[in-house]
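Down below is the structure, laid out as structure tokens.
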Amino acid sequence: MRARWRLTRIAACAFAVAGLCYSAWVPAQFLNTAIGGTGAYVSELAAVDQPWSWLVRAADVAAGIACLTAVALVPDERPGRLGAIGWLALALLGAMTVLDGGLFPLDCAALSDPLCAAAEAAGRVSAAHRIHTVTSALASAGAVLSLMALPVSALRRRRWPLVGYGGAALAVLMAVATVWTLAAIASGAPVGVAQRLQVAVTGLWLLLLGAALWRDRTAPAPPKSHVLLEGAGTPPVLICAGMAGAWFHWDGVAADLSRDHMVIRFDRPGLGLSSGHRGPPTLREEAERIGALAECPVVVGHSAAGPHAEAFARLHPGRVAGLVLVDPSCEPAPRPRGGARAAAVRAVQRALPALGGTFGATAAACLVLPAAHRLVMGADRRARAVYGRGRVLAAVAAEWLAYPDMAAELGELRRSHPFPEVPVVILSAGPEDRCHQELAGLLDAKLILLPGTGHEVQLERPEAIAEAVRMLGRFHDT
């Protein structure tokens, strides 16, 4: 909660910095009195041949970077279509403002300097000068689009009323300024006042967003766990998905086993349909989660969840009917992190829950995770809705960072807690794995090789997992 509050305050300050830097043209026009009349663009103050242009361009770059930072950190994991359009439009404004000031400044002040106007008409200006026209237009379009989308989104969602009502008023001013600017350009009339109004409204809009975020007191949603029960029969079968896995990857296995077992599927915090995680995952925490979901189950643990299942059996020997470890993660000699590396990882882990609730994390998840899912797991219509969320990206990162420590934790459990006399089947996919052979010896397990199968056994060979569970029942009967 505190990390989320800090990120919100950082986003608010970044928007305020962006608004102030974006308005640097106001004092700059008094430093360069040759430009500033009603016929000149504000961007002419940043032309390379003008005095103090370096200061104006530096302010533009700072404004753009601050705007991009604020958009990335704004606490809006599920912005909706309008909200997403609004934040992306602000990101466009920030990116184009950076390009304006950093890479594509004007060579000279075309509307204030007749020689520059002649050079522009004759095509004797640099590529940066010509590109500046495009980047400036895109920056203005981003400001206009954000003022159209974000106030409507805020009013619909009844969130950030200052953005809703204040943004609506600024949207009216922006519409007037934009129409005025376009009309002046088309008719050849002086454009300076209209364009200054447009730029001023943009600066005020950024400051308004900063004020709204500073006042934000929205509490995070209460934790929610997604658990799915199907079928009937004993012993119950509890399915623990691997790293980044979701309940729907196990549809084939559940459909088979639910004919004669109660099948329990669940999503760990932050994954699937469960709400975001609150801190770094630990092995004992995952073992306790298994114990809270079923009494004396057969636990099916895939990949990184294999150690979760083994830890549960060691910590609660009387509450497990058996284990099916599906291509389990296996570390021959795990070691915990230490020193500065461990401290850095812990700092990242503490920040991840709050970062998962930001628009930046959501945008990154939408760009990366559905495509990665399609590449690794195949196409599924549910994947975009599940994996296009920032909290899922944060939870995946948290599990990946925690894995070495969880492996070391399992090593300690093996030394202090003997494995109970329960049947275990290990399904090993792909070529023979020496670590799986050693694990089978350690747990007195039956090792079944699946040489033509990839790591995602639940998708390629669901019947093999169902058969392994039924094999445990035959062991139990004998």
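The values are calculated or read from the model by the stated rules, or taken from the named source; none is laboratory data. No experiment lies behind these values; they were computed from the predicted model shown. In this analysis, Cβ positions are derived from the backbone assuming ideal geometry, glycine residues included, and neighbour counts consider all displayed protein chains.
The residues on offer are Leu257, Leu208, Leu238, and the sole one that is crowded, with 17+ Cβ neighbours inside 10 Å, under 23 Å from Ala464 (Cα atoms) and modelled with pLDDT of 95 or more is Leu238. The single condition among (1) surrounded by fewer than 24 Cβ atoms within 10 Å (Cβ to Cβ); (2) closer than 30 Å to Pro431 by Cα; (3) of a type outside the set (Phe, Trp, Tyr) that Val324 does not meet is (1).
Okay, residues lined up against (1) over 22 Å from Ile85 (Cα atoms); (2) in contact with an Asp or Glu (Cβ under 9 Å, 6 or more places away or on another chain); (3) not charged (D, E, K, R):
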residue	(1), (2), (3)
Gly339	yes, no, yes
Ala361	no, yes, yes
Ala402	yes, no, yes
Leu410	yes, yes, yes
Pro418	yes, no, yes
Gly430	yes, yes, yes
Asp444	yes, yes, no
Leu450	yes, yes, yes
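Considering the conditions (1) farther than 30 Å from Trp87 by Cβ; (2) among the small types (Gly, Ala, Ser); (3) assigned by TED's automatic domain parsing to the domain that holds Glu399, Gly272 is excluded by exactly one of them, (1). Would you call Leu106 in contact with a helix residue (DSSP H, G or I) (Cβ under 7 Å, 6 or more places away or on another chain) and part of a helix (DSSP H, G or I)? No; evaluated as a whole, the condition is false for this residue.
Residues that are part of a loop (DSSP other than H, G, I, E, B) and of a type outside the set (D, E, K, R) were ranked within the range 109-126; the one that is nearest to Ala11 (Cα to Cα) is Ala109.
Restricting Asp60, Asp76 to residues that are assigned to a loop (DSSP other than H, G, I, E, B) and crowded, with 22+ Cβ neighbours inside 10 Å narrows the list to Asp76. Apart from one condition, Val263 fits all of (1) under 29 Å from Gly441 (Cβ atoms); (2) crowded, with 23+ Cβ neighbours inside 10 Å; (3) of a type in the set (A, V, I, L, M, F, W, C); the exception is (1). For the range 298-357, a tally of residues being in a helix (DSSP H, G or I) and more than 17 Å from Leu271 (Cβ to Cβ) returns 22. Residues that are in contact with a helix residue (DSSP H, G or I) (Cβ under 6 Å, 6 or more places away or on another chain) and assigned to a loop (DSSP other than H, G, I, E, B) were ranked within the range 1-31; the one that is farthest from Gly210 (Cα to Cα) is Ala24. For the range 279-296, does any single residue satisfy the condition of being at pLDDT below 95, touching a Ser or Thr at 6+ places or on another chain (Cβ under 8 Å) and aliphatic (A, V, I, L, M)? Checked against the condition, which is being at pLDDT below 95, touching a Ser or Thr at 6+ places or on another chain (Cβ under 8 Å) and aliphatic (A, V, I, L, M), the range 279-296 yields no hits at all.
For the range 329-367, a residue qualifies if it is free of Cβ contacts under 8 Å to residues at least 40 places away in the same chain and surrounded by 14 or more Cβ atoms within 10 Å (Cβ to Cβ), and the qualifying residues are Ala364, Ala365, Cys366.
Residues that are loosely packed, with under 15 Cβ neighbours inside 10 Å and either on the phi > 0 side of the Ramachandran plot or of a type outside the set (Phe, Trp, Tyr) (or both), at least 3 per element: which helices (runs of 4 or more DSSP H) completely within the range 411-478 meet that? So the answer is 434-443, 462-477.
If the condition is being charged (D, E, K, R), in a helix (DSSP H, G or I) and modelled with pLDDT of 90 or more, then the range 375-395 contributes only Arg391.
Set side by side, the residues Ser275, Ser258 differ, and just one is of a type outside the set (D, E, K, R) and free of Cβ contacts under 8 Å to residues at least 60 places away in the same chain, which is Ser258.
Taken as a whole, the structure places Val300 among residues that are within 28 Å of Ala466 (Cα to Cα) and crowded, with 19+ Cβ neighbours inside 10 Å. Would you check if Arg284 is touching a strand residue (DSSP E or B) at 6+ places or on another chain (Cβ under 7 Å), in contact (Cβ under 8 Å) with a residue 12 or more places away in the chain and of a type in the set (D, E, K, R)? When the stated conditions are applied, Arg284 does not pass them.
So if I check each of Arg156, Arg196, which one is assigned to a helix (DSSP H, G or I), surrounded by fewer than 19 Cβ atoms within 10 Å (Cβ to Cβ) and touching a residue at least 24 places away in the same chain (Cβ under 8 Å)? The conditions single out Arg156. When the test is whether a residue is among the charged types (D, E, K, R) and modelled with pLDDT of 90 or more, Asp107 does not pass it. Scanning the range 206-237 for residues that are within 19 Å of Glu295 (Cα to Cα) and in contact with a helix residue (DSSP H, G or I) (Cβ under 6 Å, 6 or more places away or on another chain) turns up Leu228, Glu230, Val237.
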